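Trainee: The structure is given below, and queries will be raised subsequently.
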Amino acid sequence: MTKTIASVLITAALVAAQGTAQTPAAPASDFLAAEKQFNSLCAGCHGAGGNGGDRAPGLTNNPSLRTRNEAQIRDLIESGTPGGMPAFKLPESELLSLARWLRSLNMSAFDTKPSGDAHAGEEFFFGRGQCSTCHMVHGRGKVNGPDLSDIGRKSTVRELELMLENPTSQMGIHTTPTCPSWAFCPDETWGVVNVKLRDGQGLRGFARGRAEHDLELQTFDGRLHFLTDKQYQEITPAKTSYMPPLQASAEERRNVVAYLSSLGGVQPGALAGVDATISFEAMNAVLHPKRGEWPTYNGVLSANRHSALDQINAGNAQNLQVEWIHPLNIPDLETTPIVSEGVMYVTAADHVCALAAATGRELWCYTRTDDLSASGRQRNSGLANRGVGLLGDRIFFSTSDAHLVCLNRLTGGLMWDINTVESPGSYLATSAPLVVGDLVITGMAGGDGPLRGFLAAYEAATGEQAWRFWTVPKRGEPGSETWIGNAIETGGGATWLTGSYDVETGTLYWAVGNPFPATDGDERRGSNLYTNCVIALDVKTGKLRWHYQFTPHDLHDWDATEPLVLVDTDYQDRPRKLLLQANRNGFVYVLDRTTGEFLFAKPFVKKMNWASGYSSDGTPQLLPANTPTRAGVKGCPSVRGATNWYSTSYNPDTRLFYVMSVEDCSIYRQSHDGGYEGYRNPGDPGLKYLRAIDIHTGDTVWEIPQQGPQEANYSGVLTTAGGLVFYGETGGGFAAVNAKTGKTLWTFHGNQAWRGCPMTYMLNGRQYIAVASGSNILSFALR
């Protein structure tokens, strides 16, 4: 960049920056110094002056940078991107100077605020202009084109004007192919193509994804078609945009530009002025999934990861092979993919991506990048995220800072954003919301610190809160008598794992975490309801029907946040509706889920020193010398638990319950901040086992010991009607074993520390097994 051009850009940037809070005017000398440093550090990839190089994109008028504020650009420079740009650990003043300069090169229409009547422009957009017949804004309109809720931040004023005057001239700007969400590039594909099929028919629509041998086509009726080169013989790009030039007066055109320029994204809060109905068909698709679909976190609302699919079975499992791999470039994924109508949805912290389930081709990715500085809260991008909820045309997702957001299923556009937090505390969220009827239910994480746990339900259409259940009661409320001392104000009780639901009785079941402080009970004497409980709620009202507490007055951080599996089977000589849980405290439980009646509990691990068993009324029989002291006490199971959040499964054919189990202990110290540490006896180390448990006797029918450190493996299990159990081995493999005998039938050497739970789906008559592995999504099928 020459000095003359640089001076022009700097002058323009300074003018554009006038009156904006995000990029205040800076002396030209500061910008010149920042550009000089940029050219020294970054030009080798991004080109001189950020104009683009052969190793990285240009950073002037960059659509991704345009949506970021100064603080976010500063953080990006300092942290880099996973698998991409390296981190630059510079002095704070230099980071801020570079961020301010880069921000000045990417002033959006939203920043410059052109003249015109934005309100009148909005009326034209949704009225006579008919723009909303293709585009959605803030949850209003259709999706036969990109969501425009933040188009003002993504575009310059001139780009908006050109898109309205001559859409075809702008096809290269907003219709380039999708790319990973961590890269600097446009995030949607809307190029129109004409497809000639081999049967002589033709299709026309948007090429949402394309490679040498496949095409993901969205036709103008909103349907997705997943085509391979065996189905089509020719693809011809359209020469003109699907969007016609705007027919409007000069004043109307100016007002529309002003309106589009004002669109800076969806602000937190419920939707207003939209159709609030959810179709019966959409709700029924989740309540009663079609064969081969996996539309919710555990596949079915009962939370039993047992599939009726049997194409892959004990007789042919050795023929499994990798069908495709999709990299998210984010380590330690814990997501469970969900699949509906040929599309797979996967997550990482503050990221959601839609993939073609047959190929792994990316259709869209949403990345949450808003600024939290105004609230004083910080997002933890290092957190895990375990998945999404789905209902009709909506995808629901919990962000790391405990917002619940709704995305459009076709575009990934943000429809609404709700801050679920109503009280002080460092609230987080990690797990998939649960969709029941027209409600979306979500929990929260962070209960190892001082806060008050809750579970909340929201209207799927608008985001309006339907009800809230507090897991730690206020003083004077029922259950508060179980808290003696001051800890009740911020007693923990997180709800961070997805619950389960009984369709017949309308009962929602959710597991609650440990009390706070975790290992110091001096200020929370009593049983501390409803921590370490299963709570059974009326799903429509959130009212408590019953509860059962697995570990009263927990002093070992044994969250009850393990899967609550609902099973209908003969038990104790009669048919019963059961709730099963293998708990972190080392016991496997069988409850009557209709009444909450305690039926059975027995240890499923040998390393157990806190209780000898349970009385007939469900009360644990405590063993002495197990209360943490300041000096430390050896406690078994370990703080990570005899099991944890990873999935379990009951197979109705084998009548066995499959659990990844851990034999280990910890040293527990009495501490307000949670005192525990690893305990290692070289002669008796902690080990993990895949165990098949008889729920009638509690006996282990078979087990497979895992080789390697048990902390590395957080894989859950999946069982199928094909007589198989799928799980991640601690040694790094992904395995299929015989559900009756435990014999290993097939192993894929993934060489990963597994942290995701497997699932299965069927497309075009073919069964797939999918699982998150490190930073990748893997999908397997038969040869």
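The values are calculated or read from the model by the stated rules, or taken from the named source; none is laboratory data. As the structure is a computational prediction, the values presented were derived from the model and not from experiment. Backbone-built Cβ (ideal geometry, glycine too); neighbour counts: all protein chains shown. Side chains included, ligands, DNA and RNA excluded: accessible areas come from the protein's heavy atoms. Shrake-Rupley method; radii C 1.70, N 1.55, O 1.52, S 1.80 Å.
Trainee: Ranked highest first by average number of other Cβ atoms within 10 Å, how do 599-610, 87-98, 153-164 line up?
Mentor: Descending packing order for the listed peptides: 153-164, 599-610, 87-98.
Trainee: Hand me the trypsin sites (Lys or Arg not before Pro) from segment 525-581 located in a DSSP loop with no more than 12 other Cβ atoms within 10 Å, in residue order please.
Mentor: When the trypsin sites (Lys or Arg not before Pro) of segment 525-581 are filtered for loop state and at most 12 Cβ neighbours within 10 Å, LYS543 remain.
Trainee: Could you give the length gained by full extension between HIS749 and GLU481, i.e. 0.36 nm per residue of separation minus their alpha carbon distance, to one decimal place?
Mentor: Additional length available on full extension: 91.2 nm.
Trainee: Residue separation times 0.36 nm, minus the C-alpha to C-alpha distance between ASP570 and SER423: what's the value? Present the calculation step by step, with values, prior to reporting the outcome.
Mentor: On the way: separation 147, 0.36 × 147 = 52.92 nm, distance 4.44 nm.
Computed gain between ASP570 and SER423 is 48.5 nm.
Trainee: Around THR720, which amide H atoms from residues at least 5 apart in sequence, or from another chain, sit under 5 Å from its own amide H, with H modelled in the peptide plane?
Mentor: SER307
Trainee: Which GluC sites (Glu not before Pro) in segment 199-274 sit in a loop by DSSP (not H, G, I, E or B) and have at most 11 other Cβ atoms within 10 Å of their own Cβ?
Mentor: Answer in residue order: GLU212.
Trainee: Enter the per residue convex hull volume of segment 711-783, computed from alpha-carbon coordinates, in Å³ rounded to the nearest integer.
Mentor: On the way: hull volume 6.6 nm³, N = 73.
Taking only Cα atoms, segment 711-783 has a hull volume of 90 Å³ per residue.
Trainee: Counting only protein heavy atoms, what percent of the accessible surface of segment 220-273 is carbon or sulfur at a 1.4 Å probe?
Mentor: C and S fraction of accessible area: 51 percent.
Trainee: At 7 Å along Cα-to-Cβ for each site, give me the label-to-label distance between LYS543 and GLU212 in nm.
Mentor: Distance between label points: 6.4 nm.
Trainee: Please report Rg (one decimal) and Dmax (integer) in Å for the Cα set of segment 390-491.
Mentor: 15.1, 51
Trainee: Place a point 7 Å from the Cα of GLU165 along the Cα-to-Cβ direction; which residues of segment 215-245 have their backbone N under 20 Å from it?
Mentor: 240-245
Trainee: Run lengths n ≥ 4 of DSSP H only: what is the helix-derived mean residue ellipticity at 222 nm for the chain, with -39500 (n - 2.57) per run over all residues, to the nearest 500? List each step's numbers first, then the result.
Mentor: Details: 13 runs with 110 residues, N = 783.
Counting only the DSSP helices, I get -4000 deg cm²/dmol.
Trainee: Okay, moving on. When ligands, DNA and RNA are left out and all protein chains stay put, how many square angstrom of accessible area per residue does the chain have with a 1.4 Å probe?
Mentor: Using a 1.4 Å probe on heavy atoms only, each residue of the chain averages 38 Å².
Trainee: Give, as ranges by residue number, the residues of segment 391-431 whose backbone N falls under 19 Å from the point 7 Å along Cα→Cβ of SER79.
Mentor: Only 398-405, 426-431 fall inside the zone, counting backbone N under 19 Å.
Trainee: Taking the Cα centre of the chain as origin and charging only Cβ (+1 Lys, Arg; -1 Asp, Glu), how large is the dipole, in debye to the nearest 20?
Mentor: The calculated dipole for the chain is roughly 800 debye.
Trainee: Related question: Would you mind telling me the antiparallel percentage of the DSSP bridges in the chain, rounded to 5? Let's see the in-between values first.
Mentor: Details: 153 of 157 bridges.
Within the chain, antiparallel bridges account for around 95 percent of the total.
Trainee: Taking amide hydrogens as modeled 1.01 Å from N in the peptide plane, which residues meet the under 5 Å criterion relative to ARG210, leaving out close sequence neighbours?
Mentor: For ARG210, whose amide H was placed from the backbone, the distant partners under 5 Å are GLU216.
Trainee: Whenever you get a sec, compute what percent of the accessible area on segment 679-783 sits on carbon and sulfur atoms (1.4 Å probe).
Mentor: Carbon and sulfur: 49 percent of the exposed surface of segment 679-783.
Trainee: Counting other Cβ atoms within 10 Å, keep those with at most 13, restrict to DSSP loop, and tell me which trypsin sites (Lys or Arg not before Pro) in segment 233-263 are left. Let's see the in-between values first.
Mentor: Details: sites: LYS239, ARG253, ARG254; in loops: LYS239.
When the trypsin sites (Lys or Arg not before Pro) of segment 233-263 are filtered for loop state and at most 13 Cβ neighbours within 10 Å, LYS239 remain.
Trainee: Here's something else I'd like to know. For segment 24-130, what % of the accessible area comes from carbon and sulfur atoms, probe 1.4 Å?
Mentor: Accessible surface attributable to carbon and sulfur in segment 24-130 totals 54 percent.
Trainee: Rounded, prolate or oblate, given the Cα gyration tensor of segment 98-145, with a/c below 1.5 counting as rounded?
Mentor: Taking the square roots of the gyration eigenvalues as a ≥ b ≥ c, segment 98-145 is oblate.
Trainee: Next question. Pop a pseudo-label 7 angstrom from the Cα along the beta-carbon direction at both GLN465 and ALA48 and give the gap in nm to one decimal.
Mentor: 5.8
Trainee: On to the next question. Compute the normalised compactness of the chain: alpha-carbon radius of gyration over 2.2 N^0.38 Å, N being the residue count. Numbers along the way, then the final one.
Mentor: Working: Rg = 27.7 Å, N = 783, 2.2 N^0.38 = 27.7 Å.
That ratio works out to 1.00.
Trainee: Now for a different question. Over the alpha-carbon set of segment 218-318, work out the extent along each principal axis and list the three values in angstrom, largest first.
Mentor: 70, 45, 24
Trainee: On a C-alpha basis, how far is the centre of segment 247-277 from the centre of segment 563-626 in Å? Whole number, if you could?
Mentor: The distance from the Cα centre of segment 247-277 to that of segment 563-626 comes to 55 Å.
Trainee: What FRET efficiency comes out for GLN231 versus ASN316 if R0 is 25 angstrom and r is the Cβ-Cβ distance? Round to the nearest 0.05.
Mentor: Values: r = 26 Å, r/R0 = 1.06.
Efficiency for this residue pair is about 0.40.
Trainee: Quick one: length gained pulling GLN707 to GLN201 fully straight, 0.36 nm per residue minus the C-alpha distance?
Mentor: Going from the current span to full extension adds 176.6 nm.
Trainee: Sort 748-755, 561-568 for me by packing, meaning the mean count of neighbouring Cβ atoms within 10 Å per residue, highest on top.
Mentor: Going from most to least packed, we get 561-568, 748-755.
Trainee: So what's Rg/Rh here for segment 569-685, counting alpha carbon atoms and using the Kirkwood radius for Rh?
Mentor: The Rg/Rh ratio comes out at 1.03.
Trainee: Quote the FRET efficiency, to the nearest 0.05, computed for ARG291 versus THR619 with a Förster distance R0 of 45 Å and r equal to the Cβ-Cβ distance.
Mentor: 0.55
Trainee: At a Cα cut-off below 25 Å, give the lysines reachable from LYS606, other chains included and same-chain residues fewer than 8 away excluded.
Mentor: LYS634, LYS688, LYS740, LYS743
Trainee: Given N residues in segment 617-697, what is its alpha carbon radius of gyration divided by 2.2 N^0.38 Å?
Mentor: 1.35
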